[in-house]
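Notes to accompany the following structure.
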Amino acid sequence: EAGVVQSPRYKIIEKKQPVAFWCNPISGHNTLYWYRQNLGQGPELLIRYENEEAVDDSQLPKDRFSAERLKGVDSTLKIQPAELGDSAVYLCASSLVSGGSYNEQFFGPGTRLTVL
Amino acid sequence: KQEVTQIPAALSVPEGENLVLNCSFTDSAIYNLQWFRQDPGKGLTSLLLIQSSQREQTSGRLNASLDKSSGRSTLYIAASQPGDSATYLCAVPSYGSSNTGKLIFGQGTTLQVKP
C-alpha cells in the first residue's frame, strides 16, 4: 500500500513568488493534515481537513496561505506571495478518524521550501 | 495548553549501548502518544503509538512506556546501531475546546550512534 505522497520534494523560489504543494493521502483516510516544520523544531499544524471540510485552520496565515481538498482526497497548499520566513519543510499527514477516535497519523516525505 | 518537551536535545552514544529518550507533556488528559523517527531531509516515520490505556508498546529493539499521571513517556532503544542515528520526536493529540486532533510535537532528540 502506498504511503502519503507529496510533491515536489524540493522547491526554491524568490520572495514574493507563488508556490504550491500537493498531497495525496493514504487511500481510505478521511482526515488530512498540513504541518509546517521549521529547522530544529517539531512540526506545527497549519490546517486539518475531515473529508473536504477544513475543520481547523486557526494557525493558517490566511493573508497569504490557502488550501483546498477537492473531493475529499488530494489536497493543495498554496502560498502567495512567499516571504523569507516561509522557508521550512511542509509535511502532509493522513489518518482515519471515526467516532471521535483519533488513530495513528502517517506522514509524507515533505516538501522543503527555500525562499531567497 | 498542551506543551511537549524532549530532553536531551542531542545524544551521542557508542554502538551497542542501550539508551533512553525522554518526553514529557503538561496535560495528562491525552488520548494517545506517538513516537516518530525523522532522518535528515526526510519526513516522519511512525515508530510506536501508545493508547492512553496502555503502559507500554514494543517493536523490535524499541520499547515505549507511558505514565500519564506523571506526564512522561520514554523510548528505550536496545543495542543501538549506527542506523538508529536520526531525530526522534514524540507527539500527543491536542483536543482542547476545538477537538482538532492535531498533534503537538516536542522539539525532538537528535541521536548519533557512533560505530
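The values are calculated or read from the model by the stated rules, or taken from the named source; none is laboratory data. Values in this document were obtained by computation on a predicted structure and should not be read as measured data. Cβ atoms come from the backbone with ideal geometry, glycine included; neighbour counts cover every protein chain shown. We work out accessible area using only protein heavy atoms, side chains counted, and drop any ligands, DNA or RNA first. Shrake-Rupley method; radii C 1.70, N 1.55, O 1.52, S 1.80 Å.
Here are some notes:
- Annotation: A:Ser75 fulfils all but one of (1) over 29 Å from B:Thr110 (Cβ atoms); (2) surrounded by fewer than 16 Cβ atoms within 10 Å (Cβ to Cβ); (3) within 11 Å of the chain's Cα centre (by Cα); the unmet one is (2).
- Of all residues in the range B:10-34, those satisfying the criterion of being over 23 Å from B:Lys102 (Cβ atoms) and either without any contact (Cβ under 8 Å) to a residue 12 or more places away in the chain or of a type outside the set (D, E, K, R) (or both) are B:Ala10, B:Leu11, B:Ser12, B:Val13, B:Pro14, B:Gly16, B:Asn18, B:Leu19, B:Val20.
- Of all the numbered requirements in (1) under 19 Å from A:Glu44 (Cα atoms); (2) buried (at least 17 other Cβ atoms within 10 Å of the Cβ); (3) without any contact (Cβ under 8 Å) to a residue 40 or more places away in the chain, B:Arg37 misses one, and that requirement is (3).
- The residues in the range B:49-95 that are within 14 Å of chain A (Cβ to nearest Cβ) and without any contact (Cβ under 8 Å) to a residue 12 or more places away in the chain can be counted, and the count is 2.
- Residues located in the range B:3-30, provided they are crowded, with 16+ Cβ neighbours inside 10 Å and within 13 Å of chain A (Cβ to nearest Cβ): B:Val4, B:Gln6, B:Cys23, B:Phe25, B:Ile30
- For the range A:16-66, residues that are touching a strand residue (DSSP E or B) at 6+ places or on another chain (Cβ under 7 Å), among the hydrophobic types (A, V, I, L, M, F, W, C) and open to solvent by 30 Å² or more (accessible area, probe 1.4 Å) total 4.
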